[in-house]
Amino acid sequence: MDGNNYFLWDRVGKIVSSFPGVHEKPAYGTPAFYVEKKLFTRLKEDGETLVVYNNDRDEWIASNPDVFFFTDHYKNYPALLIDLKTVSKPDLEALLIISWKIRASKKILQVFEK
């Protein structure tokens, strides 16, 4: 990853660092964050695209197709791709929380809700 890509990934890390049960370790050869043992977001190989879990993918894409999209690889998965260069901070935060909540256990969610 070049310096700009480290900056993009650092943005993600600053947001998720306050979520309970989160740790960082690689997934598919790229940096990723897990809640407990479940992957909830990772950087794609291009270093500029983030993968998150999302059950409302079509709505996000409709709201801004230049920022939110998916590829054929993710067609049958509840995944959304995000252009980290252009996504707004509020949208990035919201999507990371959604992805984390989808993958977190009920016990961890209770800690977060308090």
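Matching residues to (1) in contact (Cβ under 8 Å) with a residue 40 or more places away in the chain; (2) among the β-branched types (Val, Ile, Thr):
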residue	(1), (2)
29	no, no
42	no, no
47	yes, no
52	yes, yes
59	no, no
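Just one of the listed residues (67, 52, 111) is open to solvent by 30 Å² or more (accessible area, probe 1.4 Å) and of a type in the set (Val, Ile, Thr), namely 111.
Taken over segment 14-57, the criterion of being touching a strand residue (DSSP E or B) at 6+ places or on another chain (Cβ under 6 Å) and aliphatic (A, V, I, L, M) is satisfied by 16, 22, 27, 32, 35, 39, 43, 50, 51, 52. Going by the structure shown, is residue 74 hydroxyl-bearing (Ser, Thr, Tyr) and buried (at least 20 other Cβ atoms within 10 Å of the Cβ)? So residue 74 fails the test. Residue selection: residue 30 satisfies the criterion of being in contact with an Asp or Glu (Cβ under 8 Å, 6 or more places away or on another chain), within 19 Å of residue 13 (Cβ to Cβ) and of a type in the set (S, T, N, Q). If the condition is being more than 17 Å from residue 47 (Cα to Cα), more than 12 Å from the chain's Cα centre (by Cα) and of a type in the set (Val, Ile, Thr), then segment 68-114 contributes 108, 111.
Set side by side, the residues 37, 89, 101 differ, and just one is of a type in the set (Lys, Arg), over 15 Å from residue 13 (Cα atoms) and exposed (fewer than 11 other Cβ atoms within 10 Å of the Cβ), which is 37. Based on what the data block shows, is residue 79 among the aliphatic types (A, V, I, L, M) and open to solvent by 60 Å² or more (accessible area, probe 1.4 Å)? Against the criterion (among the aliphatic types (A, V, I, L, M) and open to solvent by 60 Å² or more (accessible area, probe 1.4 Å)), residue 79 does not qualify.
The values are calculated or read from the model by the stated rules, or taken from the named source; none is laboratory data. Being a predicted model, the structure only gives us computed values, none of them experimental. Heads up, the Cβs are rebuilt from the backbone with ideal geometry, glycines too, and the neighbour counts pull from every protein chain shown. Note: areas computed on protein heavy atoms with side chains; ligands, DNA, RNA excluded. Shrake-Rupley method; radii C 1.70, N 1.55, O 1.52, S 1.80 Å.
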